[in-house]
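Structure record follows, encoded as structure tokens.
None of the figures in this text is laboratory data; all of them are computed from the coordinates on show. What you are looking at is a predicted structure, and each value in this text was computed from that prediction instead of being measured. Every residue, glycine among them, receives a Cβ derived from its backbone with ideal geometry; neighbour counts consider all protein chains shown.
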Amino acid sequence: MYRDNKIGLTIPAYNEERLIGPTLDAIPDIIDVVYVVNDCSTDSTADVVRERAAKDPRITLVDHETNQGVGQGIITGYQRASVDQCDLCVVTGGDHQMPMEQIPALLDPLVEGNADYSKGNRFLMPDDGLDDMPWSRMLPNAMISFMTKMASGYYKIFDVVDGFTAITRRAIDLVDWDSAWKGYGYPMDFLVRLNAYGLRVIDVPRRAIYLEGERQSQIKGVRYAMKVTPMLIRDFFWRIIFRYLVRDFHPLLFFYLFGLLFLPLGVVFGGFLIYQQMEGVGVSGPRAVVCALMVLMGLQFLLFAMLYDMEESK
């Protein structure tokens with residue numbers, strides 16, 4: 001128990017036979033029940049978990065019959081925690097690279113009613129481990145975080161790829177997880193869904209851990225960013241329609257619509273006018289003015305939409 005709350009811990013694991021043991025050994029006493037979701041590992045991950053479970057009755061092994069992705073592993077843990085009446089559920093990786101001693105920092109905002117979901121942010125602790133983060137990971141992380149801000153509406157959230165999180169049972173039960181993204185990229189998709197349901201998210205400073213010689217994050221520079229970009233675009237339109245039209249109504253829906261209509265049209269029209277000028281065809285003043293108005297109106301609509309979205313998501 002932690003501050004009179006039952007705490008569950010979900011650990012998605014796939015081929016973590018070397019590090020799942022140390023991860024389980026580091027679990028603090030405040031955790032009441034542990035769900036290790038074995039995502040159809042091909043190594044001895046399940047055997048190691050069973051060995052630890054024989055010594056620690058808090059540990060439960062949950063096996064997936066097929067590999068379903070780390071996102072589904074977390075969702076499975078969420079659902080088990082809800083069934084077992086856990087008030088809060090923490091998520092850590094099975095690679096022993098998340099600071100278990102900082103779990104109370106994740107839980108406190110939820111216990112105090114200040115948030116429904118808390119997540120680690122390694123950028124808020126630059127003097128405690130972030131210097132070890134290679135630039136090949138830091139830059140894509142920053143790029144993905146900026147894209148996620150617009151897709152999710154949480155403009156104050158950063159380090160969106162961090163999987164060290166905690167969530168309330170109310171949030172687990174409220175969100176429809178069936179259509180959530182199941183593979184890598186799930187943290188950004190989860191944020192979009194939390195915002196769509198009007199839930200509060202907070203960043204918590206956390207220490208970055210990088211074990212020498214161990215497998216690191218799946219973020220592989222620009223290629224990873226390109227892989228998740230279509231998901232973020234899809235999620236953006238889904239969130240805007242679901243939150244501001246289906247669940248409620250807000251005029252920012254039209255601001256986004258006009259902004260995303262006029263700005264691209266103005267840019268394309270401007271490119272056409274430049275092409276005509278290069279080909280020696282004169283460009284009339286009225287056409288240039290129309291092009292400029294489309295771009296300016298598109299930018300204005302888009303910026304106002306983002307401003308209203310930011311205010312609604314505070």
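Descriptive notes on the structure:
- Computed from the Kirkwood radius of its Cα pairs, the Stokes-Einstein diffusion coefficient for region 251-312 at 25 °C and 0.890 mPa s stands at 199 µm²/s.
- Per-residue [θ]222 nm for the chain (sum of -39500 (n - 2.57) over DSSP H runs n ≥ 4, rounded to 500): -16000 deg cm²/dmol
- Using the average count of surrounding beta-carbon atoms within 10 Å as a protection proxy, the listed peptides 180-189, 161-170 rank, highest first, as 161-170, 180-189.
- The alpha-carbon of residue 182 sits under 14 angstrom from the alpha-carbons of these aspartates and glutamates, leaving out residues fewer than 8 places away in its chain: 39, 235.
- Neighbourhood net charge (9 Å Cβ-Cβ; Lys/Arg +1, Asp/Glu -1) for residue 157: +1
- Values of log10 I(q)/I(0) for the chain across q = 0.10, 0.16 Å⁻¹ run -0.62, -1.33, by the Debye formula with one identical scatterer at each alpha carbon and no solvent.
- The order of the peptides 239-252, 108-121 by mean Cβ neighbours within 10 Å, most packed first, is 108-121, 239-252.
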